[in-house]
1. If R0 is 22 Å, what FRET efficiency do you get for Arg69 and Thr107 from their C-beta distance, rounded to 0.05?
2. Residue separation times 0.36 nm, minus the C-alpha to C-alpha distance between Asp129 and Arg149: what's the value?
3. Please compute the length gained on full extension between Arg39 and Leu19, using 0.36 nm multiplied by the number of residues separating them and subtracting their Cα-Cα distance.
4. Which residue, Arg69, Arg151, Arg23, tops the fluctuation ranking in a GNM of the chain built on C-alpha contacts under 10 Å?
5. Stokes-Einstein at 20 °C, 1.002 mPa s, Kirkwood radius from Cα pairs: D for the chain in µm² s⁻¹?
6. Multiply the residue gap between Glu29 and Arg85 by 0.36 nm, knock off their C-alpha separation, and tell me the result in nm, one decimal place.
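Every read-out reported here was derived from the displayed coordinates using simple, explicitly stated rules and does not represent laboratory data. Predicted model only: the values in this text are computed from it and were never measured. Backbone-built Cβ (ideal geometry, glycine too); neighbour counts: all protein chains shown.
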Amino acid sequence: MEAGGEQDCGRWSRDAVELMQSRSRAFVEKFALSGRAFRWDLDAGQIAFISTEHAVLADLCVVGSISEREKTFLWAWANEAIPRRAQERLHDVRSFGERHDLGLLTTAEWTATQAEGMEMLAVAGRVLDADGVFVAPAGDLTLFFVLHRFRTQLLSEVAWLTS
């Protein structure tokens, strides 16, 4: 991101949203994932999109979560419930925020809407050069994941899916 003030930051963020939307559409189309069942394992740091014999796996990084009840966004780096493996490289996003004086990237928890959570996801995805992003509801929470390294494997070869 170039130095140039708030307007450049806003443009950079909008570009991040467009980039992550495009990359996410691409992986859904490439692997025919629309409507496919999925499971994730935070200890393994992976998500699987499941068919009868195969799974499309991706490495995941939890960016953060929105609590519907609390109306807050919480970065994964500030959430003790998120295993280290599931937040690898997230420190790069925080460091980016520190370098560019972007308080939303460095403040652990703040009042937020779903739209702001989506924007943080896109920004994190761009900073981390993600292959795509994924949003998953989990009760009161909405979890935001950046995804890397898509690959197809037999279900029987994915230990955490078969245990």
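1. 0.65
2. Full extension from Asp129 to Arg149 adds 6.1 nm.
3. Answer, rounded to one decimal: 4.7 nm.
4. Residue with maximal mean-square fluctuation among Arg69, Arg151, Arg23: Arg69.
5. Estimated diffusion coefficient is 132 µm²/s.
6. Extending this stretch completely gives an extra 17.4 nm.
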